[in-house]
Amino acid sequence: MKKILILGAGLVAGALVRYLLAQEGFEVKVASRTLGKAQALVGDAKNGSAEQINVDNRTELEHLISKADLSTVFSRTSITHLWQSCALSIRKPWLVLLM
């Protein structure tokens, strides 16, 4: 099972989260500053989980990224640059989606 980490729980992330949760072979974790938003995206999907994250805590972010096979971010906050830096430093695949 591939582990996917999605940082951010806004409306734009919703479509990707719903798609991945509907597929077999993916375990999806949505991490957000607001736990309730992450939980709303995951719902009661057995292959999904939600987690609150402190976007300024590099150690916490690196830990989440290290457990994922792939991570992406849906946020305009400062977490985008920190996320890229963390993923590169621990050599984990990451995906940038330009909108």
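The values are calculated or read from the model by the stated rules, or taken from the named source; none is laboratory data. Just so you know, these numbers come straight off a predicted model, no measurement behind them. Cβ coordinates were reconstructed from backbone atoms using ideal geometry, including for glycine residues, and neighbour counts include every protein chain displayed.
What about Leu70, is it surrounded by 15 or more Cβ atoms within 10 Å (Cβ to Cβ) and either in contact with a Pro (Cβ under 7 Å, 6 or more places away or on another chain) or of a type in the set (S, T, N, Q) (or both)?
Numbers: surrounded by 15 or more Cβ atoms within 10 Å (Cβ to Cβ): yes; either in contact with a Pro (Cβ under 7 Å, 6 or more places away or on another chain) or of a type in the set (S, T, N, Q) (or both): yes.
Yes, satisfied.
Go over the candidates Ala87, Ala40, Ala9 one by one and state the one that is part of a helix (DSSP H, G or I), among the small types (Gly, Ala, Ser) and modelled with pLDDT under 90. Spell out the reasoning first.
Working: Ala40 fails: modelled with pLDDT under 90; Ala9 fails: part of a helix (DSSP H, G or I).
So the residue among Ala87, Ala40, Ala9 that is part of a helix (DSSP H, G or I), among the small types (Gly, Ala, Ser) and modelled with pLDDT under 90 is Ala87.
Given the criteria among the β-branched types (Val, Ile, Thr), on the phi < 0 side of the Ramachandran plot and crowded, with 18+ Cβ neighbours inside 10 Å, does Val12 qualify?
Details: among the β-branched types (Val, Ile, Thr): yes; on the phi < 0 side of the Ramachandran plot: yes; crowded, with 18+ Cβ neighbours inside 10 Å: no.
No.
Assess whether Ala45 counts as being modelled with pLDDT of 95 or more, in a helix (DSSP H, G or I) and surrounded by fewer than 18 Cβ atoms within 10 Å (Cβ to Cβ). Let's see the steps before the verdict.
Working: modelled with pLDDT of 95 or more: yes; in a helix (DSSP H, G or I): no; surrounded by fewer than 18 Cβ atoms within 10 Å (Cβ to Cβ): yes.
Judged against the criteria, Ala45 is not a match.
From the set of residues in region 22-34 that are farther than 9 Å from Ile53 by Cβ and aliphatic (A, V, I, L, M), which is nearest to the chain's Cα centre (by Cα)?
First, pick out the residues of region 22-34 that are farther than 9 Å from Ile53 by Cβ: 22-30, 34.
Keeping just the survivors that are aliphatic (A, V, I, L, M) gives 22, 28, 30.
On the way: Ala22: 16, Val28: 8, Val30: 5 Å.
Taking the candidates together, the pick is Val30.
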